[in-house]
Amino acid sequence: MKISEAIRSRRSVRKYEERPVEREKIEQLLRAAMQAPSAGNQQAWEFLVVENKEMLQKLAKAHPYALPMAKAALGILVLSKEAALKYPAYWQQDLAAATQNLLLEAVELGLGAVWMGVAPEEERMQFIKDLFQLPQGVTPFAMLAVGYSPDNQFVDRFDATRIHYEQY
Ligand SMILES: Cc1cc2nc3c(=O)[nH]c(=O)nc-3n(C[C@H](O)[C@H](O)[C@H](O)COP(=O)(O)O)c2cc1C
């Protein structure tokens, strides 16, 4: 699949089949995430993969829009590691790039996924820190629910009025 095709067919997928996702595919998702650009190439990311059903149920309660996690084959927590940050101001931009890479790779692998916001909402961040007893200096950025799903509908969002050449 061409990257342009993955970009065009990516949608937030919130319903999943019961089928588990193969370990190789999970690794491919994480490889894609780690290929993302980052400020000064700091790569201050870590990932926590959750397949345990009980923990997925708990994650679904992280906030009101996290319900898809309850029925996902797995969840991926995208985390920042403070000690690896050379340019701390950019941590969220770096992790957003990694998260988007992961979503696009999911399309390529025939998986469905949805990005669920965590940072900068303190309450959500604390919920995840507590749930996984994350060590000091490890900060949750986002979580993704992932699973097999047939559900991928193209929507055309191109809007020429949003583009400005040379002058606004
Ligand atoms: C930063 C961010 C946070 C999001 N948080 C949630 C969320 O908590 N729950 C959810 O179901 N979708 C969440 N989404 C997915 C958006 O709702 C979705 O991308 C948007 O509606 C566009 O639909 P599409 O992804 O299918 O193109 C989030 C997306 C982003 C980028």
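Has segment 8-20 got at least one residue that is more than 15 Å from the chain's Cα centre (by Cα) and more than 20 Å from Pro68 (Cβ to Cβ)? Among the residues of segment 8-20, at least one is more than 15 Å from the chain's Cα centre (by Cα) and more than 20 Å from Pro68 (Cβ to Cβ), which makes the answer yes.
Screening Leu134 with (1) buried (at least 16 other Cβ atoms within 10 Å of the Cβ); (2) within 15 Å of the ligand (Cβ to nearest atom) gives one miss only, at (2). Just one of the numbered conditions (1) away from the ligand (no atom under 16 Å from the Cβ); (2) surrounded by fewer than 11 Cβ atoms within 10 Å (Cβ to Cβ) is not true of Tyr87; which one? Of the numbered conditions (1) away from the ligand (no atom under 16 Å from the Cβ); (2) surrounded by fewer than 11 Cβ atoms within 10 Å (Cβ to Cβ), the odd one out for Tyr87 is (2). (1) more than 13 Å from the chain's Cα centre (by Cα); (2) within 19 Å of Leu103 (Cα to Cα); (3) at pLDDT 95 or above; (4) not aliphatic (A, V, I, L, M): which one isn't true of Gly75, the others all being true? Gly75 satisfies all of (1) more than 13 Å from the chain's Cα centre (by Cα); (2) within 19 Å of Leu103 (Cα to Cα); (3) at pLDDT 95 or above; (4) not aliphatic (A, V, I, L, M) except (1).
Here Met55 meets each of (1) modelled with pLDDT under 95; (2) out of contact with any Asp or Glu (no Cβ under 9 Å at 6 or more places or on another chain); (3) more than 16 Å from the ligand (Cβ to nearest atom) with one exception, condition (1).
Which condition number does Lys15 fail, the rest of (1) out of contact with any Pro (no Cβ under 9 Å at 6 or more places or on another chain); (2) touching a residue at least 40 places away in the same chain (Cβ under 8 Å); (3) farther than 27 Å from Gln133 by Cβ; (4) loosely packed, with under 15 Cβ neighbours inside 10 Å being met? Lys15 satisfies every listed condition except (1).
Residue check: is Ala33 touching a residue at least 60 places away in the same chain (Cβ under 8 Å) and within 15 Å of the chain's Cα centre (by Cα)?
Details: touching a residue at least 60 places away in the same chain (Cβ under 8 Å): yes; within 15 Å of the chain's Cα centre (by Cα): yes.
Yes; evaluated as a whole, the condition is true for this residue.
Has segment 144-163 got any residue that is near the ligand (Cβ under 10 Å from one of its atoms), of a type in the set (Phe, Trp, Tyr) and on the phi < 0 side of the Ramachandran plot? For segment 144-163, residues near the ligand (Cβ under 10 Å from one of its atoms), of a type in the set (Phe, Trp, Tyr) and on the phi < 0 side of the Ramachandran plot: present. The sole residue among Val146, Val138 that is touching a Leu at 6+ places or on another chain (Cβ under 7 Å), under 24 Å from Tyr16 (Cα atoms) and of a type in the set (A, V, I, L, M) is Val146.
Cβ-Cβ contacts under 9 Å between residues 6 or more apart (or on different chains), taken from a first residue in segment 111-125 that is without any contact (Cβ under 8 Å) to a residue 40 or more places away in the chain and farther than 12 Å from Leu95 by Cβ to a second residue that is among the hydroxyl-bearing types (Ser, Thr, Tyr) and more than 8 Å from the ligand (Cβ to nearest atom), are listed as Met125/Thr139.
Within segment 92-118, restricting attention to residues that are crowded, with 19+ Cβ neighbours inside 10 Å, aliphatic (A, V, I, L, M) and within 9 Å of the ligand (Cβ to nearest atom), the residue that is nearest to Ser12 (Cα to Cα) is Val114.
The values are calculated or read from the model by the stated rules, or taken from the named source; none is laboratory data. Remember, predicted model here, so these are calculated numbers, not experimental data. Neighbour counts run over all protein chains shown; Cβ positions are idealised from the backbone, glycine included.
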